[in-house]
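To start, the structure under review is shown below, and the notes come after it.
The values are calculated or read from the model by the stated rules, or taken from the named source; none is laboratory data. Keep in mind that what you see is a predicted model, and the values were worked out from it rather than measured. As a convention, Cβ positions derive from the backbone with ideal geometry for all residues, glycine included, and neighbour counts pool all protein chains shown.
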Amino acid sequence: MLTGAAILYVGMNFHFVRGADGVFLVPKTERTLSDVYVDIRDFRLDHWKAHKPLAEAIMASNQKHLAKETPPLVFRETVAEAFSGLLNR
């Protein structure tokens, strides 16, 4: 029972983030069981949008090296889609 409680505590308070240089422990900004383990090696902009609490936790913990730059072409396409959606209203 003690082991289960310890696992639950770690899962609710930390993200295990798999990056290009290994696995990193990132403190969560919200206590939930979401995103306990996340592999970010191939993340794109849409992935970061789906994992906003993870992105916030990485920035808050000063481990910004984990957040890769989104390729410029993907970023440009996303901005173009957003503007076209606004212009179509």
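Under the condition of being surrounded by 14 or more Cβ atoms within 10 Å (Cβ to Cβ) and either touching a Phe, Trp or Tyr at 6+ places or on another chain (Cβ under 6 Å) or at pLDDT 90 or above (or both), the residues counted in the range 14-36 number 11. Close Cβ contacts (under 9 Å, 6 or more residues apart or on different chains) running from residues in the range 37-61 that are touching a residue at least 40 places away in the same chain (Cβ under 8 Å) to residues that are basic (Lys, Arg) comprise Ala57/Lys28; Ile58/Lys64. One residue alone among Val36, Val26 is of a type in the set (Val, Ile, Thr) and under 12 Å from Leu66 (Cα atoms), and that residue is Val26. Scanning the range 9-33 for residues being more than 22 Å from Asn62 (Cβ to Cβ) and without any contact (Cβ under 8 Å) to a residue 12 or more places away in the chain gives a total of 1.
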